[in-house]
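Visitor: So that we are looking at the same thing, I have put the structure below in structure tokens.
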Amino acid sequence: MRFLPALTRAATLGAAAILGVSLLTACGDDAKSGSADNPYALLQPGVLRAGTLTDAPPNVYLKDGRFTGFDNDLLTAVAAKIGLKVEFVGTDFSALLSQVNNHKFDVGSSSITVTEARKQTVDFGNGYDFGYFGLDVPANSSITGFDQLTGKRVVVVQGTVQDDYATGKGLNPVRVPDYNGALNQLKAGTADAWIAPAEIGEKSAADSGSKIKVAAKQLSPAPTAYAVAKGNNVLREALNAGLDQVIADGTWNRLQAQYYPGRPIPAGFTPGSGKAAPSAAVSVSVSVSAAS
């Protein structure tokens, strides 16, 4: 067997490594820009892989083995308008945005509140819903408002806007990975209060057997939207177009009435681009939405 001199062999290996990197980069560029059979640069052509949560009803949750809730049902309808099927996969909210930007998922669906900090990680479509913060406390608690949390043991789900709120108020919150973890802290008496997406907090209180109550709620400062990887403008714009279509045909109204009966829409809130008014075919008086 004939061996290459050490210097020549090293150069050959180096050239091969550079070629390999170049090929990987080219493949990555193709994935980002899409192709004729995969215009939205999806992980699988024709299938929108969506990262979501399993434990946050009525927005996003797992029921009888099926991912459902307002956000997920709306996304399914939006995707159908642009010729896509949705494959939902459960994850933790704290990891969701980075997983979207790293292309583990094509889109994030979890009542994600749009913030400037989150825009550094992902791009957002147009807002499709609004949300409130809820303050859940043990039934015998004397806490009645957000202004009474100083010095209290406050639990939040890590990475949510409720986490941001509590941190900004200097509350040094206890962070847990999911909503069940926060609820269990209250039930066990290891937390004085839980700052939650209000609808989730209300349902949790209603299902607690009178062990938990909602002390207060307040409007979240920004809309919720679907998240896509940075720079995937083709997918983002397609989702925006599909959203306008389900607003115009009454699907958005129907899902609002189904999941949030009795919830008033804040003055000035308009879903989607604003070019498609919600259909008047379904009357909506829409309690409080969950925003992560």
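The values are calculated or read from the model by the stated rules, or taken from the named source; none is laboratory data. Here the structure is a predicted model, which is why all the values come from computation and not from measurement. Backbone-built Cβ (ideal geometry, glycine too); neighbour counts: all protein chains shown.
Visitor: Is one or more of the residues making up segment 106-113 modelled with pLDDT of 95 or more, over 10 Å from the mean Cα position of the chain (by Cα) and either within 27 Å of residue 39 (Cα to Cα) or crowded, with 19+ Cβ neighbours inside 10 Å (or both)?
Guide: Scanning segment 106-113 turns up at least one residue that is modelled with pLDDT of 95 or more, over 10 Å from the mean Cα position of the chain (by Cα) and either within 27 Å of residue 39 (Cα to Cα) or crowded, with 19+ Cβ neighbours inside 10 Å (or both).
Visitor: Taking the conditions exactly as written (under 23 Å from residue 69 (Cα atoms) and either crowded, with 24+ Cβ neighbours inside 10 Å or of a type in the set (Asp, Glu) (or both)), does residue 159 satisfy them or not?
Guide: Against the criterion (under 23 Å from residue 69 (Cα atoms) and either crowded, with 24+ Cβ neighbours inside 10 Å or of a type in the set (Asp, Glu) (or both)), residue 159 does not qualify.
Visitor: So, of the residues in segment 56-73 that are of a type in the set (Gly, Ala, Ser) and crowded, with 23+ Cβ neighbours inside 10 Å, which turns out to be nearest to residue 183 (Cα to Cα)?
Guide: Step by step, filter segment 56-73, then rank; the result is 56.
Visitor: Looking at segment 46-96, which of the residues that are in a strand (DSSP E or B) and of a type in the set (Phe, Trp, Tyr) is farthest from residue 239 (Cα to Cα)?
Guide: The selected residue is 61.
Visitor: When you scan segment 141-155, do you find a residue that is over 23 Å from the mean Cα position of the chain (by Cα), among the aliphatic types (A, V, I, L, M) and either modelled with pLDDT of 90 or more or assigned to a loop (DSSP other than H, G, I, E, B) (or both), even just one?
Guide: Yes - at least one qualifying residue is present in segment 141-155.
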